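Notes follow once the structure below has been shown.
Computed from the coordinates by the stated procedures, all read-outs in this text should not be read as laboratory data. These figures come from a predicted structure and were not determined experimentally. Cβ: placed from backbone, ideal geometry, glycine included. Neighbour counts: every protein chain shown.
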Amino acid sequence: MQNILSISSLTKTYASGLQALKPVDLEIRKGEIFALLGPNGAGKTTLISIVCGLVTPSTGTVLVDGHDIRRDFRAARAMIGLVPQELHTDMFETVWATVNFSRGLFGLGRDHAHLERVLRDLSLWDKRNDKIMTLSGGMKRRLLIAKALAHEPRLLFLDEPTAGVDVELRRDMWEMVRRLRDDGVTIILTTHYIEEAEEMADRIGVINNGELILVEEKARLMKKLGKKQLTLHLHEPLVSVPPELDGWGLALKNEGSELEYTFNATEEGTVIPKLLKRIGDLGIDFHDLNTRQSSLEEIFVDLVSARK
Amino acid sequence: MNASAPLPRFNRHGVMAIYLFEMGRFRRTIWQSLATPVITTVLFLVVFGTAIGGRMGQLDGVSYGAFIVPGLIMLTMLTESLSNASFGIHLPKFTGTIYEVLSAPVSAFEIVLGYVGAAATKSVILALVIFATANIFVDIDVLHPFWMLAFMLLIAFTFCLAGFIIGVWAKAFDQLQFVPMLVVTPLTFLGGAFYSIDMLPGFWRTLSLFNPIVYLISGFRWTFYGTADVTIGVSVAMTLVFLALCLGVVWWIFRTGYRLKS
């Protein structure tokens, strides 16, 4: 698959000496949803800001669909839409005026039909003549998305798009992001809500202390780094794990009434039958069992804490 | 969805977007924008031109009331150019909306053209309104109307560029008024707005020649009445030097990203 964004050896050291980005290499494929995860100050916004032209990199190159962001900035930036983390708006302007401003700024003539479609998709059409200052926080967030879509970008950056947004609106935004992807727009989002990445992303990158720790297909990442837990609810509580089961790393929970086994997701299908047979041989009865897979959040926390 | 039209070498839509956005702000506040300088000018004309000027006789062959009109227009143009242009770029910096301009496919030249062009348009409109207002109080015959307009445009653009620099440099709104109030206004009062520097004793006259505003007022007055404290060529040259200086600073700002980019 063709790449829409190629980042090579990108670094950023601020005048204060803070190294916000260690050499970063990243390829983003056309049409994918890529989630960039990382704790506060990890370098997510710096990375996005460099690609969008808001921060000057120290070293490295960035190509947007083959266009260098510095030498060929017009072509590169024309393809990019940015929804910033903060709600930066011109509060005295109307919704309609501000989306028209955004489209013009990116070098395009007026297109009433496109802007109407964008505003309708974001449930802002009825507010088109309202001043921005009268909009709620959620509407302002959607307006920033409308502004970013006004010039029909091929690569959309969403920097913490659902920060401070209620659950219903968050679901609506996820839906909208999927629709954009269906229209062929590549989406890069940063988020604190790992649930968001888990729900939407095709691939996930984890950044910490300015270093891109890993980039992986979401499904493969969850399989590779995810843990599974099998819990057996016992008929009779046990005082301790029988010595015959020592090698399995089992743990007793809930005052001995639950026996818990943690294993790698890749081992699925091979170990469980063996364990259950062994437990049966020892005469340990259980009346129920369940399995649980670790969330992306747990994988993320493991990854980041392992690097500390 | 894609706007796949080939990219022009000059982003005229981008420049117009910034220009119209800024002019929209001017329209929204048109009464405040016009009322203050017009009332100030009328007060100056009533107090200095009519009340005191009646006892002053003629200066350089024109009535005192008419003599001070170019200086009054210049005073308004210089302060308003600095204020408007500095506010225009400082506001998006302050609110954070500058991100959109900096991430758009607009060059530094186009950004400056949009912001400074709009601020200069406002200044010229103000100057013309003040000129029309002054005509109600005193008779003014402009000797070189083309050069008056040309000088007006040159000074408006130059000082709006200076205002743009102040707007980028300022870290807070109160700093925007620092240069117009504490530098330009005193220098304008001391730069021959209300008198000819030829009326000053030798030492003070020589000292006045170090005041750059003298050259602007003198040149502008020449376009009205054909008389000047310094020759028109020197006035134009000094204005162009200041323009070149401002262009150099703006070029450096965008090259380094000074207080615009991290």
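Can you list the trypsin sites (Lys or Arg not before Pro) in segment B:153-262 that are in a DSSP coil and have 10 or fewer other beta carbons within 10 angstrom?
Within segment B:153-262, the qualifying trypsin sites (Lys or Arg not before Pro) (loop, at most 10 other Cβ atoms within 10 Å) are B:171.
Report the dimensions of segment A:1-128 along its three principal axes from the alpha-carbon atoms, largest first, rounded to Å.
Cα extents, longest axis first: 46, 33, 26 Å.
Using only the Cα atoms of segment B:9-60, what are the Rg and Dmax in Å?
19.7, 60
If each DSSP helix of 4+ residues adds -39,500 (n - 2.57) and the sum is divided by the residues in chain A, what number results at 222 nm, nearest 500 deg cm²/dmol?
After summing the helix terms and dividing by residue count, I get -10000 deg cm²/dmol.
Where the eigenvalues come from the Cα gyration tensor of segment B:57-151, what are the semi-axes √(5λ) of the equivalent ellipsoid, largest first, in whole Å?
37, 13, 9
Take the alpha carbon atoms of chain A, find their radius of gyration, then divide it by 2.2 N^0.38 Å using N residues; give the quotient. Present the calculation step by step, with values, prior to reporting the outcome.
On the way: Rg = 24.4 Å, N = 308, 2.2 N^0.38 = 19.4 Å.
Here the Cα radius of gyration is 1.25 times the empirical estimate.
Going by alpha carbons, how many degrees (0 to 90, nearest 10) lie between the helix axis of B:69-95 and the longest principal axis of chain B?
20 degrees
In degrees between 0 and 90, to the nearest 10, how far off the longest principal axis of chain A does helix A:271-281 point, with axes built from Cα atoms?
That helix lies at roughly 20 degrees to the long axis.
Helix A:137-149 sits at what angle to the longest principal axis of chain A, using alpha carbons and giving 0 to 90 degrees rounded to 10?
70 degrees
Averaged over B:91-100, how many beta carbons belonging to a partner chain fall within 10 Å of each residue's beta carbon?
5
Please identify the trypsin sites (Lys or Arg not before Pro) of segment A:46-87 that satisfy two criteria: DSSP loop assignment and at most 16 other Cβ atoms within 10 Å. Which are they? Don't jump to the answer; show the numbers that get you there.
Working: sites: A:70, A:71, A:74, A:77; in loops: A:70, A:71.
Loop-located and lightly packed - A:70, A:71.
Could you estimate the translational diffusion coefficient of segment B:110-194 from the Stokes-Einstein equation, with Rh from the Kirkwood formula over C-alpha pairs, at 10 °C and 1.306 mPa s, in whole µm²/s? Walk me through the intermediate numbers first.
Working: Rh = 14.6 Å.
In µm²/s, the coefficient is 109.
Given Cα pairs under 8 Å that are at least 6 residues apart, what percent is the relative contact order of segment A:1-153?
Once divided by the residue count of segment A:1-153, the mean separation gives 21 percent.
What number, rounded to the nearest 500 deg cm²/dmol, is the helix-based mean residue ellipticity at 222 nm of chain B, given -39500 (n - 2.57) per DSSP H run of at least four residues and division by all its residues? Before the final figure, lay out each step's value.
Values: 11 runs with 174 residues, N = 262.
Calculated mean residue ellipticity at 222 nm is -22000 deg cm²/dmol.
Relative contact order (percent) for segment A:86-180, with alpha-carbon contacts under 8 angstrom and 6 or more residues of separation? Before the final figure, lay out the partial values.
Details: 75 pairs, mean separation 33.1, N = 95.
It rounds to 35 percent for segment A:86-180.
At 0.36 nm per residue, and after removing the present C-alpha to C-alpha distance, how many nm does the segment from residue A:233 to residue A:136 gain when stretched out fully?
Details: separation 97, 0.36 × 97 = 34.92 nm, distance 4.88 nm.
Extra length available between residue A:233 and residue A:136 comes to 30.0 nm.
Hey, could you pull the Cα Rg and Dmax for the protein assembly as shown, both in Å?
When restricted to Cα atoms, the protein assembly as shown yields Rg and Dmax of 33.2, 123 Å.
Taking amide H positions as placed in the peptide plane 1.01 Å from N, state which residues far from residue A:58 in sequence (5 or more) or on other chains have amide H under 5 Å from it.
A:11, A:12, A:13
As I understand it, the dipole of segment B:58-195 uses +1 on the Cβ of Lys and Arg and -1 on the Cβ of Asp and Glu, about the Cα centre. Which of B:66, B:186, B:111 lies farthest toward its positive end?
Farthest towards the positive end: B:111.
Report the Cα-based extents of chain B along its three principal axes, largest first, to the nearest Å.
That works out to 72, 37, 34 Å along the principal axes.
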